[in-house]
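The values are calculated or read from the model by the stated rules, or taken from the named source; none is laboratory data. What you see is a predicted model; the values in this text were computed from it and never measured. No Cβ is skipped: glycine too gets one built from the backbone with ideal geometry, and neighbour counts run over all protein chains shown.
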Amino acid sequence: MLGSILAAVGDFTAPKVDYHAVAPELVLAAGICVVLLVDLFVPEHRRWITGTLAGFFMLGSVLPIVTLAVTGSDVRDALGDGRYMVDNFSLILKALFLLAGYVVVLLSTNELEEGGYYQGEYYVLLLSSVLGMVMLASSRDLVSIFVALEFLSIPAYMMAAWRKRDRKSNEAGVKYYLLGVFASAVLLYGMSLLYGLAGSTKLTEIGKVITLTGDKVGVQVVAVAFVLIGFAFKISAVPFHTWAPDTYEGAPTPVTAFLSVASKAAGFVGIIALVYLTFPAASDVYRPFLWVLAALTMTFGNLVALKQKNMVRLLAYSSISQGGFILMPLAMAGTGDAAGPALRAVVTYVIIYAATNLGAFAVILAVSRKTRSGEISSFGGLFSYAPGLATMMTIFLASLAGIPPLGGWYAKFGAFRAVVDAGGGWGYSIAVIAAINAVIATAYYIMVMREMWMKPVPDGDVTPIKVKAPVMAALAITGICTVLFGVLPGLVSKVGNLSDLAGAFGR
């Protein structure tokens, strides 16, 4: 027996790792270790350096992405077995996660310093969560997808409850954790069924088996449904959204911004990989499922947002609604030649939405420092004492509403074009529902604009707001991107055209 074991060990060959391809992950992993060690040795009044280091490693991870995009081939197999791929699609999403994470670092700096929160641990968790997202973008295997998903989710559970003495923050963390664990269990059960059907965890291998034919059609349908439900929680799709409003309101504002953008985008990355690689022959299952999710999500999110009095809860339901618009093209990905346009529409929408929503939360963070309130009424008369912030918030809200010439209009245009070009009853009907919802959404965005520009200041205090330098930098980054993506849509469309996961895998 010992001889057979030694023979097996002798035959084992270690996988050839493309270290250039996994350089972003390695830089982030090094950043986690460095921030953790520095936090152990620097005095309390110097803990701000951990935030600087976190931002440094976020941007440092972007450099190998740039070199890969410039010098690398279209598709790189990082481990040599097709389970961890680096292609244009993954590079674009990795850059998005890292830049969004950097903006969140900027938003967090003063909030953590002034709130007396643990800074080193916070940035370690933030880096860990972003590392999970970066890994998810390249994962083409059920095991690596699940590990990456938990790697990004578990730190987020703790970050949501970071205000330990705040009852709402504790409630946010508990709700997010309990429902997240339940969703992970559902997802893992669906994945176990997929593995049982295919005898493999590789997405492309499973895709050859999930054909909705033979004597195991029922099990295939259940597996597809359970996996999609697990990811529906991550993107807060209705009716799996119940964690989002309370978690967004109770979590620290930078964490809320992070969850509403990066975490949601990561969920869509998982759905995209499954739809295009694992379920290409199961459109009869995922199309009606995603169609219903998209219609419910955008409609419910918009209708409930109309009744909100709290700014963060309004943006929470707005985020739910925006998720419905992003789901809309994916529902039509298996119709005719819609696979490529649908993917490009989703990637474009996610990029523009990330810039816009992060900017809106940056304004909320700046205003709430003065008003000490999250109510919409606290934004009354904002233009009279903070015209710059009022103008920026108007830009972000108008972009979310899809008003030209801001980035949001191009995002919605791409989503509508993808479903209309797909044609058929499914495409035209979801386009009509989305058009109605776009009008509804405009109503509550304009309501906030009216509060800022036309209503009086609630407490009569017109003391100017001093915006901290990191928040100002975050506003500059997000504001410039929001305007440029709308005025020069060719910038983001070129990025969207590169994100051809379907083409890279021969679909």
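Could you run through the range 394-420 and say how many residues are more than 21 Å from the chain's Cα centre (by Cα), without any contact (Cβ under 8 Å) to a residue 60 or more places away in the chain and in a helix (DSSP H, G or I)?
Counting residues in the range 394-420 that are more than 21 Å from the chain's Cα centre (by Cα), without any contact (Cβ under 8 Å) to a residue 60 or more places away in the chain and in a helix (DSSP H, G or I) gives 2.
Here are the criteria: (1) surrounded by fewer than 19 Cβ atoms within 10 Å (Cβ to Cβ); (2) without any contact (Cβ under 8 Å) to a residue 60 or more places away in the chain; (3) of a type outside the set (S, T, N, Q); (4) touching a helix residue (DSSP H, G or I) at 6+ places or on another chain (Cβ under 9 Å). Tell me which single one Ala198 does not satisfy.
Of (1) surrounded by fewer than 19 Cβ atoms within 10 Å (Cβ to Cβ); (2) without any contact (Cβ under 8 Å) to a residue 60 or more places away in the chain; (3) of a type outside the set (S, T, N, Q); (4) touching a helix residue (DSSP H, G or I) at 6+ places or on another chain (Cβ under 9 Å), only one is false for Ala198: (1).
So which helices (runs of 4 or more DSSP H) stay within the range 433-507 end to end and still have 3 or more residues that are at pLDDT 90 or above and either of a type in the set (Val, Ile, Thr) or within 20 Å of the chain's Cα centre (by Cα) (or both)?
Output list reads 469-487.
Let me spell it out: the conditions are (1) of a type outside the set (Phe, Trp, Tyr); (2) surrounded by 15 or more Cβ atoms within 10 Å (Cβ to Cβ); (3) in contact (Cβ under 8 Å) with a residue 40 or more places away in the chain, and Lys168 meets all of them except one. Which number is the exception?
With (1) of a type outside the set (Phe, Trp, Tyr); (2) surrounded by 15 or more Cβ atoms within 10 Å (Cβ to Cβ); (3) in contact (Cβ under 8 Å) with a residue 40 or more places away in the chain applied to Lys168, the lone miss is (2).
Restricting the range 45-64 to residues that are among the small types (Gly, Ala, Ser) and modelled with pLDDT of 90 or more, which is surrounded by the fewest Cβ atoms within 10 Å (Cβ to Cβ)?
Looking at residues that are among the small types (Gly, Ala, Ser) and modelled with pLDDT of 90 or more, I get Gly60.
Collect the residues in the range 65-74 that are crowded, with 17+ Cβ neighbours inside 10 Å and either in contact with an Asp or Glu (Cβ under 7 Å, 6 or more places away or on another chain) or at pLDDT 90 or above (or both), keeping them in residue-number order.
Within the range 65-74, Ile65 is the sole residue that qualifies.
Going by the conditions given, is Ile351 in contact with a Phe, Trp or Tyr (Cβ under 9 Å, 6 or more places away or on another chain), closer than 30 Å to Met452 by Cβ, surrounded by 24 or more Cβ atoms within 10 Å (Cβ to Cβ) and of a type outside the set (Ser, Thr, Tyr)?
Judged against the criteria, Ile351 is a match.
State yes or no: is Val124 touching a helix residue (DSSP H, G or I) at 6+ places or on another chain (Cβ under 9 Å), under 19 Å from Val38 (Cα atoms), among the β-branched types (Val, Ile, Thr) and modelled with pLDDT of 85 or more?
yes
Sort out which residues of the range 295-310 are of a type outside the set (Phe, Trp, Tyr) and either surrounded by fewer than 24 Cβ atoms within 10 Å (Cβ to Cβ) or in contact with a strand residue (DSSP E or B) (Cβ under 7 Å, 6 or more places away or on another chain) (or both), and write them in order of number.
Matches in the range 295-310: Ala295, Leu296, Thr299, Leu303, Val304, Leu306, Lys307, Gln308, Lys309, Asn310.
For the range 236-293, which helices (runs of 4 or more DSSP H) that fit wholly inside it have 2 or more residues that are closer than 16 Å to Leu152 by Cβ and small (Gly, Ala, Ser)?
Filter on the range 236-293 gives 264-273.
Yes or no: the range 370-386 includes at least one residue that is over 25 Å from the mean Cα position of the chain (by Cα), on the phi > 0 side of the Ramachandran plot and of a type outside the set (Gly, Ala, Ser).
For the range 370-386, residues over 25 Å from the mean Cα position of the chain (by Cα), on the phi > 0 side of the Ramachandran plot and of a type outside the set (Gly, Ala, Ser): present.
Is there a residue being among the aliphatic types (A, V, I, L, M) and not in a helix (DSSP H, G or I) anywhere in the range 364-376?
No.
When you scan the range 275-296, do you find a residue that is charged (D, E, K, R) and over 24 Å from Leu149 (Cβ atoms), even just one?
yes
Yes or no, residue by residue, for (1) under 17 Å from the mean Cα position of the chain (by Cα); (2) closer than 29 Å to Leu127 by Cβ:
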{"residue": "Thr211", "(1), (2)": "no, no"}
{"residue": "Gln220", "(1), (2)": "no, no"}
{"residue": "Ala225", "(1), (2)": "no, no"}
{"residue": "Gly250", "(1), (2)": "no, yes"}
{"residue": "Thr253", "(1), (2)": "yes, yes"}
{"residue": "Val269", "(1), (2)": "yes, yes"}
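Free of Cβ contacts under 8 Å to residues at least 40 places away in the same chain, part of a helix (DSSP H, G or I) and farther than 28 Å from Leu274 by Cα - does that describe any residue in the range 95-112?
no
Is it the case that the range 41-52 has a residue that's basic (Lys, Arg), part of a helix (DSSP H, G or I) and under 22 Å from Asn110 (Cα atoms)?
The answer is yes; a qualifying residue exists.
Pick out the one residue from Ala148, Ala100 that is within 16 Å of Ile65 (Cβ to Cβ) and either among the β-branched types (Val, Ile, Thr) or modelled with pLDDT of 90 or more (or both).
None of the others qualify; the one that does is Ala100.
Residues checked against (1) under 25 Å from Ala78 (Cα atoms); (2) crowded, with 23+ Cβ neighbours inside 10 Å:
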site	(1), (2)
Leu91	yes, yes
Ala95	yes, no
Val104	no, yes
Leu107	no, yes
Asn110	no, no
Gln119	no, yes
Leu125	no, no
